Each structure stands twice: as structure tokens, then as C-alpha cells.
Amino acid sequence: MVSKADIQKVIGVLAREYPNATTELKYRNPFELLVATVLSAQSTDIKVNLVTPNLFKRYPNVKTFAAAKESEIEKEIRSIGLSKQKARNLTNLAQQLITEHQGNIPTNITQLTRLSGVGRKTANVVLAHALGLPGFPVDRHVIRVSTRLGIAQGRNALEIETQLCASIPQRDWRLSSDVQILHGRRVCKQKPLCQKCVLQKKCTYFKIQVLGQLKTS
């Protein structure tokens, strides 16, 4: 069992490796980040950043999204995939914000996840990055990095989030997520670049999968 102190040391190493870690989605306000994060599901931040400038120019606020035709939003976001479903989610969540929250972004995860198309990861992104509130976004990169490093084990994102939140001070939740996401994108990929990793000596995956193979070869 990895101690809280060891987990925090691992995060510290990654924080030094990625000193400017933050979300790579481009946004100017909480609503834009909410929209961008919904769009990023099963896509990439790069692709999302290519479509959001025109999207936000045409629909600059909650009211314009709520009044928009799904088919028109779909045309704007077609290149990122699942465009029909995402367009429906965006118009629905904008309407929910107006009717249920006076057009404001909710400040707690329960209300956020009641919005159309908003899962726990998206809610945590908005809380942590746009609202400055406690939030620990867990995506496929965080799951992969944390389980390979051995700092968390679980069957799903919620289990991983619960374990990491219990081991890391609340003030460091956002940073801890951001550095793992960047590490997962740049080094600890699906096919990991272990030789470039600053955490080789602390990594369970490296010790078993890589060093173990070397010993038997």
C-alpha cells in the first residue's frame, strides 16, 4: 500500500516536470469551459480548440446557445465527432442553466452533473479551472498514469478520484490532475515512453512490465 506521503512525492515530481500544467482547452469564462469540456468527450483538446473560436463568436453566451438550432450547432462542431449528440446536449444544458440557475454556472458537483452531457469529469474541470473550487478531474490519462504508478487502484474513474482525493491535500487536487494528464499525453501514453519517464524508479508498471521483461530476456 502506497502511503499518502509517497503519493504526494510522486505528484511533486510531476509538478516539477510540468511547472505550467493546466487545462489545454481555450476559454474566456466558466460557460465557455463548460461547453469546451462537453465537446472534448471522446475527442481531443486540439480538435476542440479548432472549432470553439467560431462557435463562441456565433454563440457568445448562454442565451444564444439556448436559442440556437441544434442543426446549426452541429454544423459548427461536426469535425470533432458525435456532433449531433453534443449539439443536443449543448442546447439542452444552456436551457437548463437559464430555467434552473438564472443563466449561472452551478458551483457544486451535484447540480453540475444534472446538466445535459455533463459527467463528473467535466464538472470537476469546471469547478477546478473556471470557478477556483475543489475539483479533481479524472480522465483516461489520470486513470492510466495513477494505476501504472501504483498510487491508485480502481475499476472506474470514481474509485480513482476517491482514492486520490483522500491522499492529496484539497489545495493540490487541480494540480495533481493536470500534471497526470500532461504526463499521460506526453510520456505515459497507451504505449508508454518509459525510457523518458522521470518516475521510472517509483513506477510499478516499469518495475514489473519493463524490468521484468528485461530480466527474462
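The values are calculated or read from the model by the stated rules, or taken from the named source; none is laboratory data. In this text the structure is predicted, and so the values were computed from the model without any measurement. Counting neighbours? That spans all protein chains shown, and the Cβs are built from the backbone with ideal geometry, glycine included. Just the protein is used for accessible areas: all its heavy atoms, side chains included, with ligands, DNA and RNA removed. Shrake-Rupley method; radii C 1.70, N 1.55, O 1.52, S 1.80 Å.
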Residue selected from region 141-174 under the condition among the polar types (S, T, N, Q) and under 21 Å from Arg186 (Cα atoms), by the criterion least open to solvent (accessible area, probe 1.4 Å): Ser146
Single match in Gly117, Gly132, Gly103 (criterion: surrounded by fewer than 15 Cβ atoms within 10 Å (Cβ to Cβ) and under 20 Å from Thr23 (Cβ atoms)): Gly132
Candidate set from region 182-206 (those that are touching a residue at least 60 places away in the same chain (Cβ under 8 Å) and among the hydrophobic types (A, V, I, L, M, F, W, C)); member that is nearest to Arg16 (Cα to Cα): Val198
Tell me, which helices (runs of 4 or more DSSP H) lie completely within region 121-217 with 1 or more residues that are among the charged types (D, E, K, R), in contact with a helix residue (DSSP H, G or I) (Cβ under 8 Å, 6 or more places away or on another chain) and within 26 Å of Ala41 (Cα to Cα)? 140-149, 157-167, 173-186
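Conditions tested, residue by residue: (1) assigned to a helix (DSSP H, G or I); (2) among the hydroxyl-bearing types (Ser, Thr, Tyr); (3) in contact with a Pro (Cβ under 9 Å, 6 or more places away or on another chain); (4) more than 22 Å from Cys188 (Cβ to Cβ).
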| site | (1), (2), (3), (4) |
| --- | --- |
| Leu14 | yes, no, no, no |
| Pro19 | no, no, no, no |
| Thr22 | no, yes, no, no |
| Leu25 | no, no, no, no |
| Val38 | yes, no, no, yes |
Filtering region 1-42 down to residues that are polar (S, T, N, Q) and within 18 Å of Lys57 (Cα to Cα), which residue is farthest from the chain's Cα centre (by Cα)? Asn29
Residues being within 22 Å of Ala130 (Cα to Cα) and among the hydroxyl-bearing types (Ser, Thr, Tyr): count how many of those fall in region 165-194. 2
Restrict the check to region 69-80 and report whether at least one residue is outside any loop (DSSP other than H, G, I, E, B), open to solvent by less than 30 Å² (accessible area, probe 1.4 Å), modelled with pLDDT under 95 and on the phi < 0 side of the Ramachandran plot. yes
Just the residues that are open to solvent by less than 30 Å² (accessible area, probe 1.4 Å) and either among the β-branched types (Val, Ile, Thr) or modelled with pLDDT under 95 (or both), please, taken from region 3-12. Ile7, Val10, Ile11
Looking at Thr52, Thr91 in this structure, which one is open to solvent by less than 70 Å² (accessible area, probe 1.4 Å), in a helix (DSSP H, G or I) and farther than 13 Å from Phe31 by Cβ? Thr91
Cβ pairs under 7 Å, 6+ apart, first in region 158-177 and among the small types (Gly, Ala, Ser), second open to solvent by 30 Å² or more (accessible area, probe 1.4 Å): Ser167/Lys4
Among the residues of region 24-47, what is the count of those that are among the hydroxyl-bearing types (Ser, Thr, Tyr) and open to solvent by 30 Å² or more (accessible area, probe 1.4 Å)? 2
How many residues does region 56-68 contain that are surrounded by 20 or more Cβ atoms within 10 Å (Cβ to Cβ) and out of contact with any Ser or Thr (no Cβ under 9 Å at 6 or more places or on another chain)? 3
Of the residues that make up region 165-172, is at least one within 23 Å of Lys121 (Cα to Cα), modelled with pLDDT of 95 or more, out of contact with any Asp or Glu (no Cβ under 7 Å at 6 or more places or on another chain) and among the basic types (Lys, Arg)? yes
